[in-house]
Every structure is written in structure tokens, then in C-alpha cells.
Amino acid sequence: MISGDVLSAIAMTEPGAGSDLAAMRTTAQRTDKGYVINGAKVFITNGLQAELVIVCAKTDPGAGAKGVSLFLVDASLPGFSRGKGIRKIGQHASDTAELFFSDLVVPHDALLGEEGRGFAYLMQELPRERLGVGAQAVGATEGVLAITLDYVQQRKAFGQRVADFQNTRFKLAEAGRAWRWQKPI
Ligand SMILES: Cc1cc2nc3c(=O)[nH]c(=O)nc-3n(C[C@H](O)[C@H](O)[C@H](O)COP(=O)(O)OP(=O)(O)OC[C@H]3O[C@@H](n4cnc5c(N)ncnc54)[C@H](O)[C@@H]3O)c2cc1C
């Protein structure tokens, strides 16, 4: 993965389980031939291209967060399928897709770490990722506001700058207050 030879994804989110990850319904049942995975995931970054997917699934559905385990899943295995790509307004360098697992059998050694510790592994890393996503969102929003401020000062309509229309000023004041924007227009 580090050398770029394998493109990967991590599949946690489900249609009914996002922030509340412990509510996931995808299961991985241990059998003699391996783990049998059934379920569906949504909003998976690199979902359309990934060759290796870390799939989060319940190995003990009655144990809540303590029943979650992680699996290294080869996306070429039978029972692994990809849905359509989801259209986004940004982050076009990566795709976002649905994934489906139907009686997907992975070997016992596809288990990543210990059984039942998957949720704990995720919680070790997710706060850092969420902080990054938050910083990205603030940066992008400030950037959009800066471009808009520039535009409304340059563009003229009906004989005046767009920045001089009262409604434009209301809207910008609202946006500026939300983001503590200091720059006067
Ligand atoms: C571009 C993109 C890429 C992504 N990539 C991945 C990926 O690679 N792998 C992956 O597993 N997931 C991925 N995700 C999914 C992401 O992790 C989830 O979107 C995130 O966890 C939030 O889940 P959710 O969208 O289901 O919303 P939730 O946060 O679960 O919210 C669902 C609903 O409940 C409401 N709600 C939630 N909490 C509360 C509360 N405390 N009080 C009141 N209302 C509440 C919300 O307002 C919303 O209406 C991606 C998402 C996006 C947008």
C-alpha cells in the first residue's frame, strides 16, 4: 500500500450506520472454510478502484461495539461487488461508492488483528482523521468566501458593484460572522 502497488479502501459506513458505527449490520460468520461476509457499505472512498478493502463487520452481532472485527478483503473474490459511484461536489481525485458482500468467503488469516477488537482499532485512528476532515472543511469554506468577496468587488451589475447590493451584504455578513471573517469589503 505504501509503495502504491495496491490501492486500498476502508469500508465502515453503512446506509444505517455512520457516526454510530457500532450499529453496523454487515456480518462475518466464522466457519471451517473461513469467514463468510454478508452486508453492504456506502460512501466508500476508492470503492470503485480499490484492490484491497478493509471491511468492518460484526463477528458477534449480540456484543455491540465489542463484536466488530476488521478483515483484509481481496476485491477480486467472488461475492464482492461494487455499486455505482456517488456524485460529489468536491474531492474528485477519489471516487466514492457502494460495496456489497454476498456470501463472500475470506480465509481465516484475513482477520486483521484480534477478533472483536475492530471497533477499538478504529477509535484509535478516527479522531485524527475527523480532525483533518474538519480542518479541510473550514479551509475550503474560507477559500470559497475569499473568492466570493473578490468577485462581488470586481463584478458590476445595474451600475454598481455586486458588493453594494443590500442583499449581497446581508449574505456576506452572515457568512463572515459564521467564519469570523475579518476582511472589510
Ligand atoms: C466524501 C466522503 C467520503 C467518505 N469515505 C468513507 C470511507 O472511505 N469509508 C467509510 O467507511 N465511510 C466513508 N464516508 C462516510 C462517513 O464516514 C460518514 O458520512 C460519517 O461517518 C457520517 O455518517 P452519516 O453520513 O451516515 O451521518 P450520521 O452522522 O450518522 O448522521 C445521520 C443522521 O443523523 C443525524 N445525527 C447524527 N448524530 C446526531 C446527534 N448526535 N444528534 C442529532 N442528530 C444526529 C444527522 O444529522 C443525520 O441526519 C465518507 C463520506 C463522505 C461524504
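Numbers below:
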{"item": "Pair list, Cβ under 9 Å, 6 or more apart: segment 3-14 residue closer than 16 Å to Ser94 by Cβ and without any contact (Cβ under 8 Å) to a residue 40 or more places away in the chain, other residue within 6 Å of the ligand (Cβ to nearest atom) and assigned to a strand (DSSP E or B)", "result": "Thr13/Phe43; Thr13/Ile44"}
{"item": "Residue count for segment 113-161, restricted to those that are closer than 30 Å to Arg30 by Cα and acidic (Asp, Glu)", "result": "3"}
{"item": "Qualifying residue in segment 162-173 (condition: of a type in the set (A, V, I, L, M), over 16 Å from Ala11 (Cα atoms), surrounded by 13 or more Cβ atoms within 10 Å (Cβ to Cβ) and out of contact with any Lys or Arg (no Cβ under 9 Å at 6 or more places or on another chain))", "result": "yes"}
{"item": "Residues of segment 63-83 satisfying the condition of being within 15 Å of Ala11 (Cα to Cα) and within 16 Å of the ligand (Cβ to nearest atom)", "result": "Val68, Ser69, Leu70, Phe71, Leu72, Val73, Ala75, Phe80, Arg82, Gly83"}
{"item": "Count - residues of segment 45-82 that are in a strand (DSSP E or B) and without any contact (Cβ under 8 Å) to a residue 24 or more places away in the chain", "result": "1"}
{"item": "Yes/no for Gly85 being among the small types (Gly, Ala, Ser) and under 17 Å from the mean Cα position of the chain (by Cα)", "result": "yes"}
{"item": "Residues of segment 1-29 that turn out to be in contact with a Ser or Thr (Cβ under 7 Å, 6 or more places away or on another chain) and more than 9 Å from the ligand (Cβ to nearest atom), as a count", "result": "2"}
{"item": "Members of segment 86-113 that are more than 12 Å from the ligand (Cβ to nearest atom) and without any contact (Cβ under 8 Å) to a residue 40 or more places away in the chain", "result": "Asp109"}
{"item": "From Ala140, Ala75, residue being over 17 Å from Gly18 (Cβ atoms) and exposed (fewer than 15 other Cβ atoms within 10 Å of the Cβ)", "result": "Ala140"}
{"item": "Test: residue in segment 32-44 that is in a loop (DSSP other than H, G, I, E, B), surrounded by 15 or more Cβ atoms within 10 Å (Cβ to Cβ) and touching a strand residue (DSSP E or B) at 6+ places or on another chain (Cβ under 9 Å)", "result": "no"}
{"item": "Qualifying residue in segment 73-87 (condition: among the polar types (S, T, N, Q) and touching a Leu at 6+ places or on another chain (Cβ under 9 Å))", "result": "yes"}
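Residue by residue, here is whether (1) near the ligand (Cβ under 10 Å from one of its atoms); (2) of a type in the set (S, T, N, Q); (3) on the phi < 0 side of the Ramachandran plot; (4) more than 18 Å from the chain's Cα centre (by Cα) holds:
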position	(1), (2), (3), (4)
Thr31	no, yes, yes, yes
Thr45	yes, yes, yes, no
Leu48	no, no, yes, no
Cys56	yes, no, yes, no
Pro61	no, no, yes, yes
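Listed here are the residues, each with its yes/no results for (1) at pLDDT 95 or above; (2) touching a helix residue (DSSP H, G or I) at 6+ places or on another chain (Cβ under 9 Å); (3) surrounded by fewer than 13 Cβ atoms within 10 Å (Cβ to Cβ).
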| position | (1), (2), (3) |
| --- | --- |
| Asp60 | yes, yes, no |
| Gly67 | yes, yes, no |
| Arg82 | yes, no, no |
| His108 | yes, no, yes |
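The values are calculated or read from the model by the stated rules, or taken from the named source; none is laboratory data. Here the structure is a predicted model, which is why all the values come from computation and not from measurement. As a convention, Cβ positions derive from the backbone with ideal geometry for all residues, glycine included, and neighbour counts pool all protein chains shown.
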